[in-house]
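S.K.: Below you'll find the structure I mean.
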Amino acid sequence: MKVANTINDLRQIVIDYKNNLQTIALVPTMGNLHCGHLALVKEAKKAAQKVVVSIFVNPMQFDKTEDLVNYPRTLEDDLKLLEKEGVDAVFTPTPEVMYPQGIGLQSYIEVPDLCNSLEGQLRPGHFRGVATVVSKLFNIVQPNYACFGLKDYQQVALIKEMVRDLNFQIKIIEVPIVRHEDGLAYSSRNNRLNQAERSIAPKLHLAISELAAKIKALPNLNDLEDVIEETINNIDNYGFKTDDLTIVDAITLSPDIKNSSQVVILVAAYLGKVRLIDNLVVDRTK
């Protein structure tokens, strides 16, 4: 497994792959890898002959300095995991490599509506940072495929739209959420939960699963206020502090869902100081 710290070094690795007519799948990560990330790697290996993983804690997508400082950095362990998984190359740039003029002078990408709605409204600048760093990685690696996990549902929708709008010749592979046996979605943030919080955390998925069953049973989606309010109360009674609970069209992410055959429940809630997110797609045709 090759490890590149600079853009030029990684590009040379990619040139070698392309000279040998080998396809490339990119898996962008911020490190602190877990089973969810490894599921992305497994899908990448199915899609392409060479897999490139990036590990970069992107300062541009953090709306709170405290979160950036506290984000766990476990590069040595991450590299061991990736080598075991048979990854071909890992890109480990610093912020100075990715943003040589500093974030303040960095050109950026914004995806209309999706950057500033829903989660983007709660975390100003977050999705601008995501779109910018992903577009840079796409330009550096020029992969045939890129794998993203559906736990970050809005992020996947945003990247797909950016790919369409900017004419990237990249196929986006959506990878389902990987969960612990108790239902909690794998996340690097789970490491910050104490033992008591960890026992409560799976109830976030339980709450939206119960909401999904209620949505399926409704004759129409004209008025969801009561079931949403009930779910928020349930989540808070479990010990969370709900930050947001929204139901939107699963394809467009529009709040106008009266004619939607598929909707997605998007939830964000604090458990102590840790902000957890989850989602669940509800197919009303089944």
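S.K.: Give me the distance between the Cα centres of region 222-286 and region 133-158, rounded to whole Å.
M.R.: With region 222-286 and region 133-158 each reduced to a Cα centre, they are spaced 24 Å.
S.K.: Among 81, 253, 26, which one moves the most in a GNM of the chain with springs linking Cα atoms closer than 10 Å?
M.R.: Answer for the Gaussian network model of the chain: 81.
S.K.: Check which residues have an amide H placed less than 5 Å from residue 239's amide H, if you skip close sequence neighbours.
M.R.: Residues meeting the amide H criterion: none.
S.K.: Using the basic label-point model (7 angstrom from Cα toward the beta carbon), what is the residue 15 to residue 217 distance in nanometres?
M.R.: Taking the simple label geometry, residue 15 and residue 217 are separated by 6.3 nm.
S.K.: Against the globular-protein guess of 2.2 N^0.38 Å, express the Cα radius of gyration of region 188-283 as a ratio, rounded to two decimals.
M.R.: Details: Rg = 13.7 Å, N = 96, 2.2 N^0.38 = 12.5 Å.
This ratio for region 188-283 stands at 1.10.
S.K.: Further question on the same structure: Which residue, 15, 55, 170, has the most motion in a Gaussian network model of the chain that connects Cα atoms within less than 10 Å?
M.R.: 15
S.K.: Any lysines with Cα under 26 Å of the residue 42 Cα? List them, leaving off those in the same chain fewer than 8 positions away.
M.R.: 2, 18, 50, 80, 84, 136, 151, 160, 171
S.K.: GNM on the chain, C-alpha springs below 10 Å: top fluctuator among 19, 194, 144?
M.R.: 19
S.K.: Another one. Among the aspartates and glutamates, which fall within straight-line cross-link reach of residue 214, defined as a Cα-Cα distance under 20 Å, with same-chain neighbours fewer than 8 residues apart omitted?
M.R.: Correct list for residue 214: 223, 225, 226, 229, 230, 236, 244, 249, 256, 278, 283.
S.K.: Between helix 225-238 and the chain, what is the angle of the helix's C-alpha long axis to the longest principal axis, kept within 0 to 90° and rounded to the nearest 10?
M.R.: Here the helix axis deviates by roughly 70 degrees.
S.K.: Another question, then. Pick out, from 251, 29, 217, the residue whose Cα sits farthest towards the positive end of the charge dipole of the chain, with +1 on the Cβ of Lys and Arg and -1 on the Cβ of Asp and Glu.
M.R.: Positive-most Cα among the choices belongs to 29.
S.K.: Same structure again: Per DSSP H run of at least 4 residues, take -39500 (n - 2.57); add these up for the chain, divide by its residues and hand me the 222 nm value, nearest 500 deg cm²/dmol.
M.R.: The per-residue figure over the chain is -12000 deg cm²/dmol.
S.K.: Right, another one. About its Cα centre, how strong a charge dipole does the chain have in debye, to the nearest 20, once Lys and Arg get +1 and Asp and Glu get -1 at the Cβ? It would help to have the intermediate numbers written out before the result.
M.R.: Details: 31 positive and 36 negative charges, 175 e Å.
In debye, rounded to 20, the chain gives about 840.
S.K.: R0 = 30 Å: FRET efficiency of residue 80 with residue 233, Cβ-based, nearest 0.05? Please list the in-between numbers first.
M.R.: On the way: r = 44 Å, r/R0 = 1.47.
Using R0 = 30 Å, I get an efficiency of 0.10.
S.K.: Under the definition of Cα pairs under 8 Å and six or more residues apart, what whole-number percent is the relative contact order of region 188-283?
M.R.: Computed value for region 188-283: 30 percent relative contact order.
S.K.: Shifting gears a bit: Find how much the distance from residue 172 to residue 22 grows on full extension, using 0.36 nm per residue of separation minus their present alpha carbon separation; answer in nm with one decimal.
M.R.: Answer, rounded to one decimal: 52.2 nm.
S.K.: Assuming R0 = 51 Å, what is the FRET efficiency of residue 261 and residue 8, from their Cβ-Cβ distance, to the nearest 0.05?
M.R.: Working: r = 48 Å, r/R0 = 0.94.
Between residue 261 and residue 8 the formula returns 0.60.
S.K.: Run the quick spin-label model on residue 209 and residue 63: label points 7 Å from Cα toward the beta carbon, then report their separation in nm to one decimal.
M.R.: 2.9
Readers should treat all values here as calculations from the given coordinates under stated rules, not as data from a laboratory. Just so we're clear, the structure is a prediction, and the values are computed from it rather than from any experiment. Because the Cβ atoms are built from the backbone with ideal geometry, glycine has one as well, and the counts that use them run over all protein chains shown.
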